[in-house]
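Trainee: Sharing a structure below in structure tokens format, with a few things to ask.
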Amino acid sequence: IRNAGVNGYSPSQYLMWVRRLAEREPFDAAVVLLYLGNDLLDWRTERHQPFQQTVLRTFHWPARLTWSEIVSSLLYPLNDFLKQRSHLFVLGKNQARTLLMRLGLTYLYVPEEILRENANKPRWKLTADVCRDIAATAAARNIPVLFVLVPGNYQVEPVVFQQYLEGFDIDPATVDLEQPNRLLGATLAPYRLRTLDLLDTLRAEQRKGKRLYGRVDVHFSPEGNDAVERILEPTIVEMLRTAH
């Protein structure tokens, strides 16, 4: 098993990984997780320069007495100092998520994929084309591929979605929580790629009282990872049986 998942990577990098790994050793199957919160592409690229995922800011006196300058010179450096040293601070930030959204003091953002105004953007086709190329690269070496559509926590948990609406002052009429799954799924369909959408199943698990996403970290919780594994396992087992 090779875990090629890297924080900050996009489908363009997934394609590079498939090309590189498929040349080095044989595989029985490949699973590509597409996070619908930020994996959709606005452009394609064949090369990526190394980049620093996190920039730590240093304290300095505000150059002028504006809110943005105070945030940049004092509040962001304080945040960076505490988040490296205090789990309690990180927990408190997440509990105060709505307030921080209103103040513009959070790494969270309005997910563009759920905005109705973006329904006609080329990102759906660009992303589907890269997925097609991933599948074609793998197929050339007889590797079946499963593409998994992974929803964001705001798509699954109504409370989190309400926090986004209030924190970013979003008009509910301007968003469509199912849009990313529907549009990307429809764009992938003509390529006849093996695709699995987790949204409905995870919503059903959430309604049973399962805590699928973390409260300090918004990635899957242990329960969330367990639920996803149970959803994926039958499909992957069948892929392996067919491959052999």
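The values are calculated or read from the model by the stated rules, or taken from the named source; none is laboratory data. No experiment lies behind these values; they were computed from the predicted model shown. Note: ideal-geometry Cβ built from the backbone for every residue, glycine included; neighbour counts use all protein chains shown. Each accessible area value is taken on the protein alone, full model and side chains, heavy atoms only, with ligands, DNA and RNA left out. Shrake-Rupley method; radii C 1.70, N 1.55, O 1.52, S 1.80 Å.
Trainee: Quick one: how many residues across the range 187-196 are free of Cβ contacts under 8 Å to residues at least 12 places away in the same chain and either more than 25 Å from residue 237 (Cα to Cα) or not in a helix (DSSP H, G or I) (or both)?
Mentor: Of the range 187-196, the ones free of Cβ contacts under 8 Å to residues at least 12 places away in the same chain are 189-190, 192.
When the remaining residues are screened for being either more than 25 Å from residue 237 (Cα to Cα) or not in a helix (DSSP H, G or I) (or both), the result is 192.
Within the range 187-196, residues that are free of Cβ contacts under 8 Å to residues at least 12 places away in the same chain and either more than 25 Å from residue 237 (Cα to Cα) or not in a helix (DSSP H, G or I) (or both) number 1.
Trainee: For the range 4-17, which positions are in contact (Cβ under 8 Å) with a residue 60 or more places away in the chain, closer than 19 Å to residue 196 by Cα and either open to solvent by 20 Å² or more (accessible area, probe 1.4 Å) or over 12 Å from the mean Cα position of the chain (by Cα) (or both)? Before you say what the answer is, go through the steps one by one.
Mentor: Start the filter on the range 4-17 by keeping residues that are in contact (Cβ under 8 Å) with a residue 60 or more places away in the chain, which leaves 11-12, 14-15.
If we keep only those that are closer than 19 Å to residue 196 by Cα too, we end up with 11, 14-15.
14, 15, listed by residue number.
Trainee: So for the range 101-122 (the condition being among the polar types (S, T, N, Q), modelled with pLDDT of 75 or more and surrounded by fewer than 17 Cβ atoms within 10 Å (Cβ to Cβ)), does at least one residue qualify? Step through it out loud before you land on a result.
Mentor: Here is the first cut: in the range 101-122, the residues among the polar types (S, T, N, Q) are 106, 118, 120.
Subset that is modelled with pLDDT of 75 or more: 118, 120.
Cutting the leftovers down to surrounded by fewer than 17 Cβ atoms within 10 Å (Cβ to Cβ) gives us 120.
Yes: the range 101-122 contains one or more residues that are among the polar types (S, T, N, Q), modelled with pLDDT of 75 or more and surrounded by fewer than 17 Cβ atoms within 10 Å (Cβ to Cβ).
Trainee: Could you list, in sequence order, the residues of the range 198-244 that are of a type in the set (S, T, N, Q) and in contact with a strand residue (DSSP E or B) (Cβ under 8 Å, 6 or more places away or on another chain)?
Mentor: Initially, the range 198-244 is screened for residues of a type in the set (S, T, N, Q), giving 201, 206, 221, 225, 235, 242.
The answer is 221, 235.
Trainee: I've got another one for you. Determine whether residue 202 is touching a residue at least 24 places away in the same chain (Cβ under 8 Å), within 18 Å of the chain's Cα centre (by Cα) and within 29 Å of residue 125 (Cα to Cα).
Mentor: On the way: touching a residue at least 24 places away in the same chain (Cβ under 8 Å): yes; within 18 Å of the chain's Cα centre (by Cα): yes; within 29 Å of residue 125 (Cα to Cα): yes.
Yes; evaluated as a whole, the condition is true for this residue.
Trainee: To continue, here is another question. Could you go through the range 221-230 and let me know if any residue there is closer than 30 Å to residue 89 by Cα and among the hydroxyl-bearing types (Ser, Thr, Tyr).
Mentor: So far as the range 221-230 goes, yes, one or more of its residues are closer than 30 Å to residue 89 by Cα and among the hydroxyl-bearing types (Ser, Thr, Tyr).
Trainee: Let me ask something additional. Specify which of the listed residues (75, 15) is out of contact with any Gly (no Cβ under 8 Å at 6 or more places or on another chain) and modelled with pLDDT of 90 or more.
Mentor: Values: 75 fails: modelled with pLDDT of 90 or more.
Testing whether each residue is out of contact with any Gly (no Cβ under 8 Å at 6 or more places or on another chain) and modelled with pLDDT of 90 or more leaves just 15.
Trainee: I'm told residue 156 meets every condition in (1) of a type outside the set (Ser, Thr, Tyr); (2) within 23 Å of residue 42 (Cα to Cα); (3) crowded, with 19+ Cβ neighbours inside 10 Å; (4) out of contact with any Asp or Glu (no Cβ under 8 Å at 6 or more places or on another chain) except one. Can you identify the failing condition by its number?
Mentor: Residue 156 satisfies every listed condition except (2).
Trainee: Restricting the first residue to the range 222-237 and requiring it to be within 17 Å of residue 204 (Cβ to Cβ), which pairs with a second residue that is part of a helix (DSSP H, G or I) meet a Cβ separation below 6 Å and a spacing of at least six or different chains?
Mentor: Pairs found: 227/205; 231/201.
Trainee: Kindly indicate whether any position in the range 61-70 is in a loop (DSSP other than H, G, I, E, B) and in contact (Cβ under 8 Å) with a residue 12 or more places away in the chain. Break it down stepwise before answering.
Mentor: Start the filter on the range 61-70 by keeping residues that are in a loop (DSSP other than H, G, I, E, B), which leaves 61-66.
Subset that is in contact (Cβ under 8 Å) with a residue 12 or more places away in the chain: 61-62.
So far as the range 61-70 goes, yes, one or more of its residues are in a loop (DSSP other than H, G, I, E, B) and in contact (Cβ under 8 Å) with a residue 12 or more places away in the chain.
Trainee: Now, a different point. Name every residue in the range 128-160 that is under 18 Å from residue 199 (Cα atoms), in a helix (DSSP H, G or I) and in contact (Cβ under 8 Å) with a residue 12 or more places away in the chain, in order of residue number. Step through it out loud before you land on a result.
Mentor: Going residue by residue through the range 128-160, those that are under 18 Å from residue 199 (Cα atoms) are 146-160.
From the residues that got through so far, the ones that are in a helix (DSSP H, G or I) too are 153-156, 158-160.
Within the range 128-160, 153, 154, 155, 156, 160 qualify.
Trainee: Limited to the range 190-220, what total is found for residues that are among the small types (Gly, Ala, Ser) and at pLDDT below 95?
Mentor: Here is the first cut: in the range 190-220, the residues among the small types (Gly, Ala, Ser) are 204, 209, 214.
Of the ones still in play, those that are also at pLDDT below 95 are 209, 214.
The number of residues fulfilling the criteria is 2.
Trainee: Give the residue that is surrounded by the most Cβ atoms within 10 Å (Cβ to Cβ), with candidates limited to residues of the range 161-175 that are within 21 Å of the chain's Cα centre (by Cα), more than 17 Å from residue 118 (Cα to Cα) and touching a residue at least 24 places away in the same chain (Cβ under 8 Å).
Mentor: 164
Trainee: So, in the range 74-92, how many residues would count as being part of a helix (DSSP H, G or I) and charged (D, E, K, R)? Break it down into steps so the answer makes sense when it comes.
Mentor: Initially, the range 74-92 is screened for residues part of a helix (DSSP H, G or I), giving 74-83, 87-92.
Still in the list and also charged (D, E, K, R): 80, 83.
Qualifying residue count for the region: 2.
Trainee: Additional query: Could you list, in sequence order, the residues of the range 197-224 that are open to solvent by 40 Å² or more (accessible area, probe 1.4 Å) and closer than 15 Å to residue 34 by Cα?
Mentor: Matches in the range 197-224: 197, 219, 220.
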